[in-house]
């Protein structure tokens, strides 16, 4: 039984479930970064991560800091998780690792990347790789509930960047 569980755990770690959603925005990487990292403003525009705050001392977005994120799903349910920031690269990438359970049940490595396409155009890609022993059982749920929320957040972020750019 232990061998079976170890094998299953190893397999689920090496075969992640990946979700990806992108949006192109008429903006600079810095404009997108400013909206993405203005965590106190999330309740004003973000339909998915309705609250986000740095909980580590100093309150700065930096590698190793922890966040408290509240996720809101289309069915009205919410969940709270406390990821650790892995990458904070202004204008380029924000990445964190969230764990549900002790770290091998469900782990999600969430990434926002900003790619410059032209002088005033970028592509924002929001993606997440899920690993852990429960993930194979959640694949359909992740596709049907989480991926649409990525798309909603991307569209809302694009609208926010555009609105602030016109102000």
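The values are calculated or read from the model by the stated rules, or taken from the named source; none is laboratory data. These numbers come from a predicted model, not from an experiment. Using ideal geometry, Cβ is built from the backbone for each residue, glycine included, and neighbour counts are taken over all protein chains shown.
Within the group 75, 107, which residue is exposed (fewer than 15 other Cβ atoms within 10 Å of the Cβ) and modelled with pLDDT under 95? Please lay out each step first, then the result.
Working: 107 fails: exposed (fewer than 15 other Cβ atoms within 10 Å of the Cβ).
When all the criteria are applied, what remains is 75.
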_I'm trying to understand the selection: among the residues of region 77-94, which are in a loop (DSSP other than H, G, I, E, B) and either more than 17 Å from residue 153 (Cα to Cα) or touching a residue at least 24 places away in the same chain (Cβ under 8 Å) (or both)?_
82, 83, 90, 91, 92
*Considering region 116-133 alone, what residues qualify as being over 15 Å from the mean Cα position of the chain (by Cα) and under 19 Å from residue 159 (Cβ atoms)?*
117, 120, 121, 122, 123
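One line per residue, one yes/no per condition, for (1) surrounded by 13 or more Cβ atoms within 10 Å (Cβ to Cβ); (2) touching a residue at least 12 places away in the same chain (Cβ under 8 Å); (3) not in a strand (DSSP E or B):
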position	(1), (2), (3)
114	yes, yes, no
124	yes, yes, no
141	no, no, yes
144	no, no, yes
159	yes, yes, yes
163	no, no, yes
*Does residue 74 satisfy the condition of being in a loop (DSSP other than H, G, I, E, B), touching a residue at least 40 places away in the same chain (Cβ under 8 Å) and either in contact with a helix residue (DSSP H, G or I) (Cβ under 8 Å, 6 or more places away or on another chain) or at negative phi (or both)?*
yes
_When residues of region 127-139 are limited to those that are in a helix (DSSP H, G or I) and either surrounded by 14 or more Cβ atoms within 10 Å (Cβ to Cβ) or touching a strand residue (DSSP E or B) at 6+ places or on another chain (Cβ under 8 Å) (or both), the one modelled with the lowest pLDDT_ = 139
*Evaluate region 148-166: report whether one residue or more is touching a helix residue (DSSP H, G or I) at 6+ places or on another chain (Cβ under 7 Å) and at positive phi.*
no
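Matching residues to (1) more than 30 Å from residue 133 (Cβ to Cβ); (2) touching a helix residue (DSSP H, G or I) at 6+ places or on another chain (Cβ under 7 Å); (3) exposed (fewer than 12 other Cβ atoms within 10 Å of the Cβ):
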site: 29; (1), (2), (3): yes, no, no
site: 49; (1), (2), (3): no, yes, no
site: 52; (1), (2), (3): no, yes, no
site: 58; (1), (2), (3): yes, no, yes
site: 61; (1), (2), (3): yes, no, no
site: 68; (1), (2), (3): no, no, no
site: 82; (1), (2), (3): no, no, no
site: 99; (1), (2), (3): no, no, no
site: 111; (1), (2), (3): no, no, no
*With the checklist (1) touching a residue at least 40 places away in the same chain (Cβ under 8 Å); (2) within 25 Å of residue 148 (Cα to Cα) in hand, flag the one item residue 97 doesn't pass.*
(1)
